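Single-structure report; data block below.
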Amino acid sequence: MTRKIIALVIISAIALATSCTSGKHKELNTYADFERGYIGVISGMICDQIVEDDLHGIPAYYADLESALADIRSGEIDGFMIDLSIATVFTGTAGNEDLKVVKVPVGVFEAPLGAVSADSDIINDFNVFLSRIRTDGSFYAIQRRWLEDIPTLSTTIPEIDASSFSGSAEPLIIATSGAGIPFSYTNTDGGLSGFAVELALWFAAYRNQPAEFVTMDFSELITAAQNGKVDIAIDGISITHERRQLVLFTDSFYDDGLGIISLK
């Protein structure tokens, strides 16, 4: 009897593995086409749950997007699921003309993005700051630069004048990943650029504090803020119910969806 049970388990495992196929010979034009496929995801994001629960596929974990793009082109994975804003930038960048974005339906996932901290005063200050720059229009110039235009590795952050702000002179410790356009990445000058980075610099200026950035894996950002290792963490961090149980979120600074990058 035991041998029969073991045999059934082995057969079931083989059936599950073989039910998912790579994209080497598949037409992938709609979200449903990715069902039971191999989909790349960044470790620490929530995309793996969507791949498993909604697409009934197998998530393949990557530390960065560049490695995943190589495997998309070689046919090792069907596609790569990531924030729609990031996917749109990458497929619109020179050299990626062979790639396209298939949107994940809004009914499956759509979430606002926010910054996180364990300090309620910082959260409250950020929300006041965000309301202020939305009122004076400067927020929309930042959004246009990083999320409507197509930024490149040479896109830089304009110089920020902090002379009109007042507050503490202690540094504001900011965690970010520095890993991906358009939210947080390393530019050609070796410095940090991106939508989230520029917002953080403006926020530090609002508090009249020098900004001190700490880069880490995306999966470590919430924990670093939760444990008070940094004052605030900012990147393309989706505001979810589960994450709200761990850390405080600011108001949303962008509503994003998800997309799957794949070959045309």
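Taking residues in the stretch 136-159 that are over 16 Å from Thr88 (Cβ atoms), and partners anywhere that are of a type outside the set (A, V, I, L, M, F, W, C) and in a helix (DSSP H, G or I), the pairs with Cβ atoms closer than 7 Å and at least 6 places apart or on different chains are Ile142/Glu198; Ile157/Glu198. Just one residue in the set Gly107, Gly95 is at positive phi and not in a helix (DSSP H, G or I); that residue is Gly95. Residues that are more than 17 Å from the chain's Cα centre (by Cα) and aromatic (Phe, Trp, Tyr) within the stretch 212-264 comprise just one, Phe213. Identification of strands (runs of 3 or more DSSP E) wholly contained in the stretch 163-264 with 2 or more residues that are open to solvent by 20 Å² or more (accessible area, probe 1.4 Å), in contact (Cβ under 8 Å) with a residue 24 or more places away in the chain and β-branched (Val, Ile, Thr) yields 211-215. Output yes when any residue across the stretch 80-95 is touching a residue at least 12 places away in the same chain (Cβ under 8 Å), open to solvent by 10 Å² or more (accessible area, probe 1.4 Å), among the acidic types (Asp, Glu) and out of contact with any helix residue (DSSP H, G or I) (no Cβ under 8 Å at 6 or more places or on another chain), and no when none is. So far as the stretch 80-95 goes, no, none of its residues is touching a residue at least 12 places away in the same chain (Cβ under 8 Å), open to solvent by 10 Å² or more (accessible area, probe 1.4 Å), among the acidic types (Asp, Glu) and out of contact with any helix residue (DSSP H, G or I) (no Cβ under 8 Å at 6 or more places or on another chain). If you go through the stretch 134-152 one residue at a time, do you hit one that is open to solvent by 10 Å² or more (accessible area, probe 1.4 Å), under 17 Å from Glu212 (Cβ atoms) and polar (S, T, N, Q)? Within the stretch 134-152, not a single residue is open to solvent by 10 Å² or more (accessible area, probe 1.4 Å), under 17 Å from Glu212 (Cβ atoms) and polar (S, T, N, Q). Among what's in the stretch 54-72 and is modelled with pLDDT of 95 or more and in a helix (DSSP H, G or I), pick the residue that is least open to solvent (accessible area, probe 1.4 Å). It comes out as Ile72. Checking the structure you have, find out if any residue of the stretch 195-205 is of a type outside the set (Ser, Thr, Tyr) and touching a Ser or Thr at 6+ places or on another chain (Cβ under 6 Å). Scanning the stretch 195-205 turns up at least one residue that is of a type outside the set (Ser, Thr, Tyr) and touching a Ser or Thr at 6+ places or on another chain (Cβ under 6 Å).
The values are calculated or read from the model by the stated rules, or taken from the named source; none is laboratory data. Treat the numbers as computed from the prediction; the structure is a model and nothing was measured. Because the Cβ atoms are built from the backbone with ideal geometry, glycine has one as well, and the counts that use them run over all protein chains shown. The protein model used for the area step is the full one, side chains on, heavy atoms only, and it has no ligands, DNA or RNA in it. Shrake-Rupley method; radii C 1.70, N 1.55, O 1.52, S 1.80 Å.
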